[in-house]
Amino acid sequence: MNPVKHLSVLLAVTAALAACDGAPPEQPAASAELPAAEPAARPNIIFIMSDDHAYQAIGAYGSVLNETPNIDRLAAEGMRFDRSYVSNSICSPARAVTLTGKHSHVNGVRDNRVVFDGSQQTFPKLLQQAGYQTAVIGKWHLKSEPTGFDYRRVLPGQGFYYHPEFRTPDGTETLQGYVTDLVTDLAIDWLETGREQDQPFLMMFGHKAPHREWLPSQDNLHAYKDAPLPEPDSLFDDYAGRGTAAATAEMRIADHMGFTNDGKLDPDMVRELGYEDFLDWYERAYRKSRERMTAQERENWDAVFGPITEAFRELKPQGDDLTRWKYQRYMQDYLSSIDSVDDNIGRLLDYLDESGLAENTVVVYTSDQGFYLGEHGWFDKRFMYEESFRSPLIVRWPGTVEPGSVSEELVQNIDFAPTLLDVAGVDVPQDMHGVSMAPILAGEGGEIHDALYYHYYEYPGIHTVKRHYGIATQRYKLIHFYYDIDEWELYDLQADPSEMQNLYGNPEYAAVQAELHQQLEALRESYGDSDELTRQILQSDLTPGFETRPANELTAEEEAEGFELIFDGESLAGWRGFKSTEVPPRWAVEDGLLTITNADADQVDLVTDRSYTNFELCLQWKVSPEANSGIMFNVSEAEDLARTWHSGPEVQILDNDNHPDAAEKHLAGDLYDLLPGWYRMGRETGKWNESRLRVENNRVRHWLNDLLVFDVVRGSEDWDALVAGSKFAVLRVVGLGGCGVIALQDHGDRVWFRSIRIREL
């Protein structure tokens, strides 16, 4: 049977209702407009997306690491896709592509920092308009409020594993329990009591697991800890066969995986053994997770992970042994969190059977992208290499999909939206990039793609994976890394499935290389991508919005929020020298900018006339080559304190590329000599940066160029440890807080400031 033709006849009226002009209405069509006799003929749809679930960790895909009996059951009753891929291997973009059926450069979500435009066309809106009830539950991760859904309970941001908050139309609620269980509870509850029983439905629900930090449920704390797990052959990859991008990525288990949040080791012990490089953000994430547990849960947790900490203390592994230890800890918890996902997939499938819904419900299981399980020494995703590019996809459709079938056809997440619309008998909009997989599901065969397009954008950024785009066919893969490098890579997946040897420029593959270049350009043109668009996106991505705003002016939103300018671009009114009533002679206003001149005068830091306790400060700054400066806050002018930095912590301002002091804890955006930033985001000399510093009841946060780079609480045990390990240990007064002035440092170098504004909290 051809399900596409069958459904188009059965649902002619519904299809007419779903005709799309690019801007479908938000509200579903009235039920009176639907065919009254055959609503049940339209299949229900349940779309399940986990986060970072590698296909290598699913039994049905041949896992040597774990068993997933319930996901395997779904595969045994449906179709497993062995060549399913993503178009941009990172969380938010993958979700935006799923909703829209369009590549990232069109739907607007190119990286995790972008807010999804919920006003655009999505397949849930089209299904809603065609009379489907729609629900979204669990992981959303698109920053904006979900649209096109009759019911929503979604995790804010990444969400928490233990006792998480959920965003609802009525506000935020906290539910007690483990997140994977809770998401499934909410899904089953909606199926049972929250929907209209006589209407077809779409339910999308997303699991947080197995996303980092891979926190197992209480039931799975002991899992996978009895025997070593097999290591991938490329765990100690030296990247000799590839280019710059693989060698410089910062997601190596050996060098970039933490001991506390990732390894679940006690931070005090980690500090005791001298692994300070793996504290800071890692420790804060660890403590935040523990704080969410009940006392009993922490006791259970410590009963399992306490002995692991003590064993590590005794072992003190180094070198390759340390990498192996970190790999085992990573896998133990990653796989444990998958166990909870699998258990809850089983709960859902059982409910569908018991309720009688199974026979008329399409169930899709996938992940937002693939993930590295130690291959190439990595964790995380982002690359177009196979482990992150490829994702699991299993579809059960009783009566249409042959149980236990396997497809080797190339499919991509751009195809999800067209497929689910087609399954529901709803016309697929012409502007979607994807193609319906319904013929494949029906066993009719046929190729829907001869090649797939990929484009990754989030660089500079966490894990430092270079920007790249490329094409993949059944056998070959051509990748172009660009922006700060210009390198091509070519892989023969038949001869080299692990992608260890770049063949680009190899004379034996000259004809293949030329053909792939032609295919790539044709595919880019068909999707509306190009070098010119890439240049425009680069300009947009690397020129923050603050660069285009008028200097030394407040926006209407800032005025409403209580901000005031403390530098007007014309004078130094409101400023003076440290412990002085006069403006230091080296400070001046030039062309609307506050700057340090090269005048032959003493270096004196500039401070505000007013003192502040709790505040939010925003300002823009840029540096000359090899320049150094800083922002000090809560600065005391007590008689016995000779410098601003004797009492005020410093947000570093620095030329990261050329200054000799450029090192950890001394980079632009860092809390100087105390705390390194989470990202290295200072822009090169001559370009503006924007700092946002928020000090509130001893909590200190700093955003540089719209990214949060540190978050710390003064007076805490962590803070005391930071001070004790810094050059400020002998001062004993630095960063104690209280009311004080804000200072701009004169370090003898040429720097510029503008748009300095502040509000008291």
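The values are calculated or read from the model by the stated rules, or taken from the named source; none is laboratory data. Given the structure is predicted, the values throughout are model-derived calculations rather than measurements. Here the Cβ positions follow ideal geometry from the backbone for every residue, glycine too, while neighbour counts run over all protein chains shown.
Values as computed for the structure displayed
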{"read-out": "Top-ranked residue in segment 493-542 [being of a type in the set (Ser, Thr, Tyr) and assigned to a loop (DSSP other than H, G, I, E, B); ranked as farthest from Lys687 (Cα to Cα)]", "value": "Ser498"}
{"read-out": "Failed item, numbered, when Gln176 is tested on (1) over 30 Å from Leu708 (Cα atoms); (2) outside any strand (DSSP E or B)", "value": "(1)"}
{"read-out": "Any hit, segment 644-655, residues being in a loop (DSSP other than H, G, I, E, B), out of contact with any strand residue (DSSP E or B) (no Cβ under 7 Å at 6 or more places or on another chain) and either surrounded by 15 or more Cβ atoms within 10 Å (Cβ to Cβ) or modelled with pLDDT of 90 or more (or both)", "value": "no"}
{"read-out": "Cross-chain or 6+ apart pairs with Cβ under 9 Å, segment 190-202 first and more than 17 Å from Phe47 (Cα to Cα), then small (Gly, Ala, Ser) and assigned to a strand (DSSP E or B)", "value": "Gly194/Ala135"}
{"read-out": "Which listed residue, of Ser84, Ser63, is under 27 Å from the mean Cα position of the chain (by Cα), surrounded by fewer than 24 Cβ atoms within 10 Å (Cβ to Cβ) and modelled with pLDDT of 95 or more", "value": "Ser63"}
{"read-out": "Leading residue by the ranking (farthest from the chain's Cα centre (by Cα)) among those in segment 658-704 that are closer than 26 Å to Pro550 by Cα and modelled with pLDDT under 85", "value": "Glu684"}
{"read-out": "So Ser234, is it in contact (Cβ under 8 Å) with a residue 40 or more places away in the chain, of a type in the set (Ser, Thr, Tyr), assigned to a helix (DSSP H, G or I) and not assigned by TED's automatic domain parsing to the domain that holds Phe160", "value": "no"}
{"read-out": "One residue from Asp431, Asp350 being of a type outside the set (Ser, Thr, Tyr), part of a helix (DSSP H, G or I) and surrounded by fewer than 24 Cβ atoms within 10 Å (Cβ to Cβ)", "value": "Asp350"}
{"read-out": "Per-region count, segment 702-717, residues assigned to a strand (DSSP E or B) and surrounded by fewer than 22 Cβ atoms within 10 Å (Cβ to Cβ)", "value": "6"}
{"read-out": "Matching option when the condition is in the same structural domain as Gln745 (by TED's automatic domain parsing) and surrounded by fewer than 18 Cβ atoms within 10 Å (Cβ to Cβ), among Asn658, Asn628", "value": "Asn658"}
{"read-out": "Any hit, segment 141-149, residues being surrounded by 18 or more Cβ atoms within 10 Å (Cβ to Cβ) and over 22 Å from the mean Cα position of the chain (by Cα)", "value": "yes"}
{"read-out": "Pick from segment 560-615, criterion among the β-branched types (Val, Ile, Thr), in a loop (DSSP other than H, G, I, E, B) and out of contact with any Gly (no Cβ under 8 Å at 6 or more places or on another chain), ranking: farthest from Val700 (Cα to Cα)", "value": "Thr597"}
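For (1) among the small types (Gly, Ala, Ser); (2) under 15 Å from Ser337 (Cβ atoms), each residue gets a yes or a no:
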residue	(1), (2)
Glu196	no, no
Phe205	no, no
Trp214	no, yes
Ala223	yes, yes
Asp237	no, no
Thr244	no, no
Asp255	no, no
Asn261	no, yes
Lys264	no, yes
